[in-house]
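Student: Questions regarding the structure given below will be posed in turn.
The values are calculated or read from the model by the stated rules, or taken from the named source; none is laboratory data. Keep in mind the model is a prediction, meaning the values are calculated, not measured. Glycine gets a Cβ as well: all are built from the backbone with ideal geometry, and neighbour counts include every protein chain shown. Heavy atoms of the whole protein, side chains included, go into the accessibility calculation; ligands, DNA and RNA do not. Shrake-Rupley method; radii C 1.70, N 1.55, O 1.52, S 1.80 Å.
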Amino acid sequence: EDQVTQSPEALRLQEGESSSLNCSYTVSGLRGLFWYRQDPGKGPEFLFTLYSAGEEKEKERLKATLTKKESFLHITAPKPEDSATYLCAVQALGAGGTSYGKLTFGQGTILTVHP
Amino acid sequence: DAGVTQSPTHLIKTRGQQVTLRCSPKSGHDTVSWYQQALGQGPQFIFQYYEEEERQRGNFPDRFSGHQFPNYSSELNVNALLLGDSALYLCASIRTGTLGQYFGPGTRLTVT
């Protein structure tokens with residue numbers, strides 16, 4: 001069974017204090033790993049898709065990296081508007097290499113950035 | 001280009017009642033997935049619809065059913081509501097052949 005574990009559960013930073021969020025995963029065959037941002041009471045907002053170990057993607061102050069067992073979301077010089085819950089999810093390859101799109105999510109990391 | 005839309009935004013129901021939630025996918029997207037997100041948890045996959053048929057299902061009871069229409073919009077139906085069904089219900093749309101899944105704003109269901 002596919003599993004995703006995120007750590008820490010909550011992270012409090014000062015504005016400008018860089019840090020990383022961790023996503024550990026177990027999947028039979030990885031089709032893709034996804035990062036989403038979710039504001040309270042709203043739907044997840046897509047950030048990145050990573051496909052293979054060694055891949056990196058960047059967007060503004062965020063950088064996502066992927067290894068065979070985990071992914072990191074690095075936040076450089078965060079601002080208060082980066083405060084949100086960050087969700088990690090995996091999509092597995094099915095039998096015969098098919099993949100219909102089921103995402104398995106972690107429980108999320110709640111990030112709070114203080115001014 | 002309109003994103004994924006869901007209706008209603010909020011809903012309050014009583015135990016034992018039935019509810020229908022609606023989703024319209026992004027333009028050009030033909031696949032819809034439904035997720036349930038309890039407070040403080042990550043979304044849990046309910047099922048996925050493609051070509052008007054249920055293609056994949058998560059660990060949810062038969063009380064949860066769905067439908068997809070020819071215009072790709074979708075409905076989620078939940079019968080015999082339980083207090084534990086209170087959650088944010090999310091719809092995600094996908095274009096066949098791509099990986100990106102885009103979520104709607106969700107419907108907040110409260111069962112009393």
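Student: Given a 1.4 Å probe and every protein chain left where it sits, what share in percent of the accessible area of the protein assembly as shown is carbon and sulfur? Before the final figure, lay out the partial values.
Tutor: Values: 5210 of 10950 Å².
That fraction is 48 percent.
Student: Just tell me which aspartates and glutamates come within less than 19 Å, Cα to Cα, of A:K69; anything on the same chain fewer than 8 places away is out.
Tutor: A:E1, A:D2, A:E9, A:E55, A:E56
Student: A further question on this structure: Mind checking the log10 I(q)/I(0) for chain B at q = 0.15 Å⁻¹? Debye, one equal scatterer per Cα, no solvent, two decimals.
Tutor: Values returned for q = 0.15 Å⁻¹ are -0.58.
Student: Calculate one ³J(HN,Hα) per residue across region A:61-72 by plugging θ = phi - 60° into the Karplus curve 6.51 cos²θ - 1.76 cosθ + 1.60, and present them in order as whole Hz with x for glycine and proline.
Tutor: Going residue by residue, I get 8, 10, 9, 10, 10, 9, 10, 6, 10, 8, 10, 10 Hz, with x marking Gly and Pro.
Student: Here's a follow-up. Leaving out ligands, DNA and RNA, calculate the buried accessible area for the pair B and A with a 1.4 Å probe, summed over both sides, in Å² to the nearest 100.
Tutor: Values: alone 6130 and 6440 Å², together 10950 Å².
Interface area, both chains combined: 1600 Å², rounded to the nearest 100.
Student: At B:R15 and A:E56, where each label point lies 7 Å from the Cα along Cα→Cβ, what is the point-to-point distance in nanometres?
Tutor: 5.4 nm
Student: While we're looking at this one, here's another question. Average partner chain C-beta neighbours within 10 Å, per residue of A:17-28? Working shown, then result.
Tutor: Details: counts 0, 0, 0, 0, 0, 0, 0, 0, 0, 0, 0, 0.
For this peptide, the per-residue mean of nearby foreign Cβ atoms is 0.
Student: Still on this structure, please answer the following. Kindly report the accessible area of the protein assembly as shown per residue (heavy atoms of protein chains, probe 1.4 Å, no ligands, DNA or RNA), in Å².
Tutor: Details: 10950 Å² over 227 residues.
With all protein chains present, the protein assembly as shown gives 48 Å² per residue.
Student: Just checking the output field for B:41-54: average partner chain Cβ neighbours within 10 Å of each residue's Cβ?
Tutor: Working: counts 4, 15, 10, 3, 6, 1, 1, 4, 0, 2, 0, 0, 0, 0.
Per-residue shielding by partner chains comes out at 3.
Student: If you take the beta carbon distance between B:L83 and B:A2 as r and set R0 to 35 Å, what does 1/(1 + (r/R0)^6) give as a FRET efficiency, to the nearest 0.05?
Tutor: For R0 = 35 Å, the calculated efficiency reads 0.55.
Student: Next question. Please grab the % of Cα pairs in region A:3-114 that end up more than 20 Å from each other.
Tutor: Numbers: 2298 of 6216 pairs.
Above the 20 Å cut-off, region A:3-114 has 37 percent of its Cα pairs.
Student: Okay, next question. Averaged over peptide A:103-111, how many Cβ atoms belonging to another chain are found within 10 Å of each residue's Cβ?
Tutor: On the way: counts 10, 5, 7, 2, 3, 5, 0, 1, 0.
Neighbouring Cβ atoms belonging to other protein chains average 4 per residue here.
Student: How far is it, in nm, from the label point at B:T98 to the one at A:S20 when both lie 7 Å from their Cα along the line to the Cβ?
Tutor: Distance between the two pseudo-spin positions: 3.1 nm.
Student: Using unit Cβ charges (K, R positive; D, E negative) and no other charged atoms, how large, in debye to the nearest 20, is the dipole of the protein assembly as shown about its Cα centre? Before the final figure, lay out the partial values.
Tutor: On the way: 21 positive and 23 negative charges, 45 e Å.
Computed charge dipole of the protein assembly as shown: roughly 220 debye.
Student: For B:K13, give me every one of the lysines with a C-alpha distance below 27 angstrom, ignoring sequence neighbours fewer than eight places off in its own chain.
Tutor: A:K42
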